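A quick write-up on the structure given underneath.
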Amino acid sequence: MPIIIAVSMVSAIGGLVFNTMPLLLGAIGTEFGFESDKLGSLSSNAGWGYLIGTISAPFWVDKVNWKIAALAFALFAVVTFLFISQSPPSSMVWSFGVYGFACALAIGLATRVLADMPDLERAYGTRLSVELWSIAAFLYVLPVYFIAKGGFSGAMVGMAVFTGLLGLGAGLFPKRTTTGEKVKYPTWAEASRGWILVGIFLLYLLVNVALFFFLAVIAQNYNPSDKEIGLMFLVLKWLGGGAGAVGAIIGMRAGFKPPHFIALIILLAGLAGMWLAPDFKIFMVSSWIWEVGFTLGCLYATTAITRFDPSKKLVVLVPATFGISMVLGGKIGGKLLASGDPAPIYFAAALGALLPALFILVSKAPKMSVGAA
């Protein structure tokens, strides 16, 4: 367990690029006056960097010393954040690409190391909790202390400090155990439903990631204080971490199809609450409900992709779909919010959430092993 927690700490460095994006975009928009389209380009470039780093992992992850690599990647991320903190607005476009790439290296390595643990459910469940709960605590401090006192530059300094703390987990990394095997994806005939669901899951992510990236921007319509924004994202991520544990229990007891619809109902309830919210308090609580539904949707879509694939190889594409959603989600969010009305982005998120649930509804349930989550 100490090793799993340590690896999860390094994995959390990879989670920063996604989970801090709303606050960073809000800080940049306030400080530099960037419009929604420009902010969307920044998140898109971070996604490109993340996607490149994710795709590169299979080519190097079994050829390096894991402990040394973990230390090097943590240090690289710290230096990157400090460099960005001193960069002019004109360099933000490519700087965010490097930011995404640095985070991807850390999460790519950590994901591979956890794959060698004897109890995968325990390993990845712990990673989810450590990653989201630690980031949740940081998201509370980030706007209240670092952004409030130093703006965007202060935010990046805070990122460097937090990354340095997470990087301490590299000390307990194993050196390396490698099989040297190449990843071979299944053919269409072998796992057609798995391939289809990967594509549907990408659509699900595109519109819901777009909404997540712009939560802080939309929240400004209610004129919240820095402490209220911090509280919003603190609870948001804590609930996301808790949703992973609760989702496993629901999955074990409810079978294959029902959990997908439970996730859908929760997500739609959150969207409706945000859409109709008369004040920030209602908006905040509704965003928490949406986060639970979104996290459960990701969890159950990932497990369904695995069950639809006898080779168990398609699941390695899930991190790549997150990278693509970061590349395009920011652009989509920026376009949908260009008019200033959040209604289009809420509608798109709802439509995207319906797709995987409908696909599961019409699909024949695969055989589930006893005790599967």
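The values are calculated or read from the model by the stated rules, or taken from the named source; none is laboratory data. Just so it is clear, the model here is predicted, and its values are computed rather than measured. Because the Cβ atoms are built from the backbone with ideal geometry, glycine has one as well, and the counts that use them run over all protein chains shown. Each accessible area value is taken on the protein alone, full model and side chains, heavy atoms only, with ligands, DNA and RNA left out. Shrake-Rupley method; radii C 1.70, N 1.55, O 1.52, S 1.80 Å.
Taking a 26 Å limit on the Cα-Cα distance, which of the listed pairs Lys237/Lys331; Lys67/Lys149; Lys313/Lys335; Lys175/Lys313; Lys313/Lys364; Lys67/Lys331 fall beyond it? Before the final figure, lay out each step's value.
On the way: Lys237/Lys331 23 Å; Lys67/Lys149 35 Å; Lys313/Lys335 35 Å; Lys175/Lys313 24 Å; Lys313/Lys364 20 Å; Lys67/Lys331 36 Å.
From Lys237/Lys331; Lys67/Lys149; Lys313/Lys335; Lys175/Lys313; Lys313/Lys364; Lys67/Lys331, over 26 Å: Lys67/Lys149; Lys313/Lys335; Lys67/Lys331.
log₁₀ I(q)/I(0) of segment 1-160 at q = 0.14, 0.17 Å⁻¹, via Debye over equal Cα point scatterers, no solvent, to two decimals?
-0.69, -0.98
Quick one: if the Förster radius is 30 Å, what FRET efficiency do Trp275 and Tyr185 give, using the C-beta to C-beta distance and rounding to 0.05?
FRET efficiency, Trp275 to Tyr185: 0.15.
Given an 8 Å cut-off on Cα distances and at least 6 residues of separation, report the relative contact order of segment 137-238 as a percent. The partial results should precede the final answer.
Working: 34 pairs, mean separation 59.1, N = 102.
Value for segment 137-238: 58 percent.
For the chain, what is the accessible area per residue in Å², given a 1.4 Å probe and the full set of protein chains?
With the other protein chains kept in place, the chain gives 42 Å² per residue.
Grab the eigenvalues of the alpha-carbon gyration tensor for segment 230-317, scale each by 5, take roots, and send me the semi-axes largest first in whole angstrom.
Calculated on Cα positions only, the semi-axes equal 28, 13, 11 Å.
Which helices, counted as full DSSP H runs in the chain, have an axial Cα extent of no less than 24 Å and a Kyte-Doolittle average of -1.0 or above?
2-19, 36-60, 66-85, 92-114, 120-141, 188-213, 226-254, 258-276, 280-307, 318-336, 343-362
Mean residue ellipticity at 222 nm from the helices of the chain, using -39,500 (n - 2.57) per DSSP H segment of n ≥ 4 over the full residue count, to the nearest 500 deg cm²/dmol?
Roughly -26500 deg cm²/dmol at 222 nm, from the helical runs in the chain.
Could you work out the relative contact order of the chain, using alpha carbon pairs under 8 angstrom and six or more residues apart, expressed as a whole percent?
Reported relative contact order: 28 percent.
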